[in-house]
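Visitor: Before anything else, here's the structure in question.
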Amino acid sequence: MTRLYDDIKTFFKQQAELFPPEIYLISENGEESTPKTDSATQLAELERICQNCRQCHLSATRTKVVFGTGNPHAKLLFIGEAPGVNEDLQGLPFVGRAGNLLDKMLKAIGLTRAQVYIANVLKCRPPENRTPNVGEVEKCEPYLLKQIAIIQPELIICLGLTSAKTLLRVEYTLEKMRGQIFQYHNVDLIVTYHPAAILRNENLKKYAWEDFKKITNLYLDKTGEYMALNDGE
Ligand code: URA
């Protein structure tokens, strides 16, 4: 009974922390919890909640939660699928070979990972790197939605078909999605190849480069700021 009561209390506390001002809790001393305003503080608080998440069974097999990393005010938000083995060990997104390539792709448009924000659809690694299932996405997506609400990016870039299909709930091919501008919770979203796919098939590089040039044009349209293109290699 005490355990159940604690679980219920934790659940409501988490919902209130994730979704202020929609939900307020009155604390034991009668004060309302009030939302914080600074993005970095809000992200840190959300990460603290996420680090303790037990909403799905992936919490039992994860080594570390991979919340996301980067600039709390980033204009570009890159979203991968889920942590892999290296990410699970280090608690950071895109730190393996695919992450190395992502760093190079960012450099090609004059950016570093400290200037953008990088997150995944799932914050915990699915065993054997299998595709996230519907139940896992349902439990984890509120964290992503909250990250978007805090960061307020100008543009979301989905890395790979799985994150695009998962977030947009569509069944298109990546080829059909590339070049289009979608909407995800009122933010423009575009889709490009996952760096791991490019590592498997070098021929995709030129298409990814086209997509990254499109990102720079969209960024210019939205912010009036130019990015420094380096090269397409
Ligand atoms: N692949 C992803 O989709 N995300 C990571 O963080 C690492 C690999």
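Visitor: Return the pairs, sorted by first residue and then second, in which the second residue is within 10 Å of the ligand (Cβ to nearest atom) and of a type in the set (D, E, K, R), the first residue lies in the range 77-91 and is farther than 20 Å from THR166 by Cα and in a helix (DSSP H, G or I), the beta carbons are less than 6 Å apart, and the residues are 6+ apart or on different chains.
Guide: Once the first residue is farther than 20 Å from THR166 by Cα and in a helix (DSSP H, G or I) and sits in the range 77-91, its partners that are within 10 Å of the ligand (Cβ to nearest atom) and of a type in the set (D, E, K, R) give ASP88/ARG125.
Visitor: Can you name the residue in the range 165-182 that is assigned to a helix (DSSP H, G or I) and without any contact (Cβ under 8 Å) to a residue 12 or more places away in the chain and, of all such residues, is surrounded by the most Cβ atoms within 10 Å (Cβ to Cβ)?
Guide: Here the answer is LYS165.
Visitor: What tally of residues in the range 92-114 results from selecting those that are in a loop (DSSP other than H, G, I, E, B) and in contact with a strand residue (DSSP E or B) (Cβ under 8 Å, 6 or more places away or on another chain)?
Guide: Going through the range 92-114 one residue at a time, the tally reaches 6.
Visitor: Please go through (1) part of a loop (DSSP other than H, G, I, E, B); (2) away from the ligand (no atom under 16 Å from the Cβ) for CYS124 and return the number of the only condition it doesn't satisfy.
Guide: The single condition CYS124 does not satisfy is (2).
Visitor: Here's something else I'd like to know. May I ask you to list the residues in the range 183-203 that are assigned to a helix (DSSP H, G or I) and in contact with a helix residue (DSSP H, G or I) (Cβ under 9 Å, 6 or more places away or on another chain)?
Guide: PRO195, ALA196, ALA197, ILE198, LEU199, listed by residue number.
Visitor: Could you please tell me which pairs satisfy a Cβ distance under 6 Å, a separation of 6+ or placement on different chains, a first residue in the range 141-164 that is closer than 19 Å to THR223 by Cβ, and a second residue that is basic (Lys, Arg) and modelled with pLDDT of 95 or more?
Guide: Qualifying pairs under 6 Å: PRO153/LYS75; GLU154/LYS75.
Visitor: Against the definition (within 22 Å of ASN71 (Cα to Cα) and either under 18 Å from the mean Cα position of the chain (by Cα) or not in a helix (DSSP H, G or I) (or both)), how does TYR219 come out, yes or no?
Guide: When the stated conditions are applied, TYR219 does not pass them.
Visitor: Further question: Being within 12 Å of the ligand (Cβ to nearest atom) and surrounded by fewer than 23 Cβ atoms within 10 Å (Cβ to Cβ) is the filter here, so list the residues in the range 99-120 that pass it.
Guide: Across the range 99-120, the qualifying residues are GLY99, ASN100, LEU101, ARG113.
The values are calculated or read from the model by the stated rules, or taken from the named source; none is laboratory data. Just so we're clear, the structure is a prediction, and the values are computed from it rather than from any experiment. Using ideal geometry, Cβ is built from the backbone for each residue, glycine included, and neighbour counts are taken over all protein chains shown.
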